[in-house]
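> Below is a structure I'd like to ask you about.
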Amino acid sequence: MTDLTNKVAIVTGGARGIGAAISKELASHGARVVVNYNSSKGPSEKLIMEIAEMGGDAYAVQADVSKSEEAQKLVNETINHFGRLDIVVNNAGITRDRTFKKLKEEDWKNVIDVNLNSVYNTTAAALPYLLESDSGRIINISSIIGQAGGFGQTNYSAAKAGMIGYTKSLALELAKSGVTVNAICPGFIDTAMVQEIPENIREQIVAKIPVRRFGQAEEIARGVIFLCKDGEYITGQQLNINGGLYM
Ligand code: NAD
């Protein structure tokens, strides 16, 4: 088991929802956490204070990770502040759900940029430092929608499926270095993203989930801790945390 004390982690889009739960859980296991946000300045400041009150150490960095120069700035600020980097959680994501007939090119490009190109941008900037770590971890927050598809989600499912292919190929390339690369594929998790779905559709979704409830962000965060602490022989995998909705 790897102790996370003094390890340094970046969580992209880490100020709210699943990212905030991951940031808190990493901090509660002793990691020093860089909470990246794009526009969620208020929530990021609140989270940094909550983590400090728990006795943890976190630092907020504003960066739009869909832009390579800003992802590089995120990594540079991490190194300036904490001096090392061991864990990258690629969590930032958006949806722009529309059936394909109504989908605009802009909806396609924005979703690919934020969900998929950001993963390239952040990993490319972080890799030189991860290779210096004795237990580097890259964890990509993909989705059940990347595995099973989703109505009105061609853009999002393409991005999330892309993350899975990326995870496997990079895992092969980095295996010898000791850096592991894995994807977590959440099902439907009770955050702002799922709360945006109309109530009647939410009820239909819950009825199809074998455990009959949405997941909690903390349940995804615990998967991240498992991969960080006990995952030295786990690479290139998809960890499905979905209440049995996709097997
Ligand atoms: P959320 O909308 O609450 O959080 C997404 C975070 O990403 C926000 O903090 C947002 O500010 C940030 N973000 C967006 N664009 C960014 C950018 N360009 N640069 C930096 N940060 C940016 O949603 P969530 O439910 O917490 O989702 C977190 C991740 O989990 C996403 O990648 C999402 O696709 C994935 N996911 C969520 C669910 C779910 O049911 N909620 C299911 C499967 C996968």
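The values are calculated or read from the model by the stated rules, or taken from the named source; none is laboratory data. Everything numeric in this text was worked out from a predicted model, so none of it was measured. All Cβ positions, even for glycine, are placed from backbone atoms using ideal geometry, and neighbour counts span all protein chains on display.
> In the range 122-160, what residues are under 14 Å from the mean Cα position of the chain (by Cα) and surrounded by fewer than 23 Cβ atoms within 10 Å (Cβ to Cβ)?
Thr123, Ile144
> Among the numbered criteria (1) under 17 Å from the mean Cα position of the chain (by Cα); (2) away from the ligand (no atom under 13 Å from the Cβ); (3) more than 25 Å from Leu131 (Cβ to Cβ), which single criterion is violated by Val75?
(3)
> Additional query: Against the definition (touching a residue at least 40 places away in the same chain (Cβ under 8 Å) and either within 7 Å of the ligand (Cβ to nearest atom) or within 20 Å of Tyr129 (Cβ to Cβ) (or both)), how does Gly13 come out, yes or no? Lay out the reasoning, then the answer.
Values: touching a residue at least 40 places away in the same chain (Cβ under 8 Å): yes; either within 7 Å of the ligand (Cβ to nearest atom) or within 20 Å of Tyr129 (Cβ to Cβ) (or both): yes.
For Gly13, the condition - touching a residue at least 40 places away in the same chain (Cβ under 8 Å) and either within 7 Å of the ligand (Cβ to nearest atom) or within 20 Å of Tyr129 (Cβ to Cβ) (or both) - is met.
> Could I ask something else about it? Among the residues of the range 171-183, which ones are in a helix (DSSP H, G or I), aliphatic (A, V, I, L, M) and more than 19 Å from Asn240 (Cα to Cα)? Lay out the reasoning, then the answer.
Within the range 171-183, the subset in a helix (DSSP H, G or I) is 171-177.
Those still in the list that are aliphatic (A, V, I, L, M) too: 171-172, 174-175.
Once the filter is applied, which keeps residues that are in a helix (DSSP H, G or I), aliphatic (A, V, I, L, M) and more than 19 Å from Asn240 (Cα to Cα), the range 171-183 yields Leu172, Leu174, Ala175.
> Kindly list the number of the only condition in (1) surrounded by fewer than 18 Cβ atoms within 10 Å (Cβ to Cβ); (2) part of a loop (DSSP other than H, G, I, E, B) that fails for Ile205.
(2)
> Where in the range 1-104 are the helices (runs of 4 or more DSSP H), entirely inside, with at least 2 residues that are modelled with pLDDT of 95 or more and touching a Leu at 6+ places or on another chain (Cβ under 8 Å)? Reasoning before the result, please.
Working: elements: 17-28, 41-53, 68-82.
Output list reads 17-28, 68-82.
> Pairs please, first residue from the range 224-238 and charged (D, E, K, R), second anywhere and surrounded by fewer than 18 Cβ atoms within 10 Å (Cβ to Cβ), Cβ atoms under 6 Å, 6+ apart in sequence or on different chains.
Lys229/Met1; Lys229/Thr2; Asp230/Met1
> Taking the range 23-41, which residues are surrounded by fewer than 24 Cβ atoms within 10 Å (Cβ to Cβ), within 13 Å of the ligand (Cβ to nearest atom) and without any contact (Cβ under 8 Å) to a residue 40 or more places away in the chain?
Ser39, Ser40, Lys41
> Follow-up question, since we're still on this one. Does Ala217 meet the test of being near the ligand (Cβ under 10 Å from one of its atoms), among the aliphatic types (A, V, I, L, M), modelled with pLDDT of 95 or more and farther than 18 Å from Tyr246 by Cβ? Working first, answer last.
Values: near the ligand (Cβ under 10 Å from one of its atoms): yes; among the aliphatic types (A, V, I, L, M): yes; modelled with pLDDT of 95 or more: yes; farther than 18 Å from Tyr246 by Cβ: yes.
Yes.
> (1) of a type in the set (Ser, Thr, Tyr); (2) away from the ligand (no atom under 11 Å from the Cβ); (3) within 20 Å of Ala92 (Cα to Cα): which one isn't true of Ser169, the others all being true?
In the conditions (1) of a type in the set (Ser, Thr, Tyr); (2) away from the ligand (no atom under 11 Å from the Cβ); (3) within 20 Å of Ala92 (Cα to Cα), Ser169 misses (3) alone.
> Same structure again: If the requirement is being more than 12 Å from the ligand (Cβ to nearest atom) and among the basic types (Lys, Arg), which of these qualifies: Lys160, Lys176?
Working: Lys160 fails: more than 12 Å from the ligand (Cβ to nearest atom).
The conditions single out Lys176.
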